[in-house]
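The values are calculated or read from the model by the stated rules, or taken from the named source; none is laboratory data. Keep in mind that this is a model prediction, so the values were computed, not measured. Glycine also receives a Cβ, built like all others from the backbone with ideal geometry; neighbour counts cover every protein chain displayed.
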Amino acid sequence: VEKFLIQQALKRFDGNRRKASESLGVSERTLYRKLDQYGLD
């Protein structure tokens, strides 16, 4: 579920990680860790 939500947020904001992290309610640092954890770019 978490991986899916991250993918959807990145898609919604055209890959803008700052906006995606804000929409998910997490810091950019946390988002980067999750991207690495799930092997997402």
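Quick rundown of the values:
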item	result
Filter result for the condition that a residue is surrounded by 11 or more Cβ atoms within 10 Å (Cβ to Cβ), in a helix (DSSP H, G or I) and among the charged types (D, E, K, R), over 11, 3	3
Qualifying positions in the stretch 1-27 - within 14 Å of residue 38 (Cβ to Cβ) and among the polar types (S, T, N, Q)	7, 8
Residue list for the stretch 1-38, restricted to those being aliphatic (A, V, I, L, M) and modelled with pLDDT of 95 or more	5, 6, 9, 10, 20, 24, 26, 31, 35
Test: residue 41 is more than 9 Å from the chain's Cα centre (by Cα), at pLDDT 95 or above and exposed (fewer than 12 other Cβ atoms within 10 Å of the Cβ)	no
Close pairs from the stretch 2-26: first of a type outside the set (Val, Ile, Thr), partner outside any helix (DSSP H, G or I), Cβ under 8 Å, at least 6 apart	3/40; 7/40; 10/16; 10/40; 19/13; 20/13; 21/27; 23/13
Selection count where residues are in a loop (DSSP other than H, G, I, E, B) and of a type outside the set (Val, Ile, Thr), scope the stretch 14-41	8
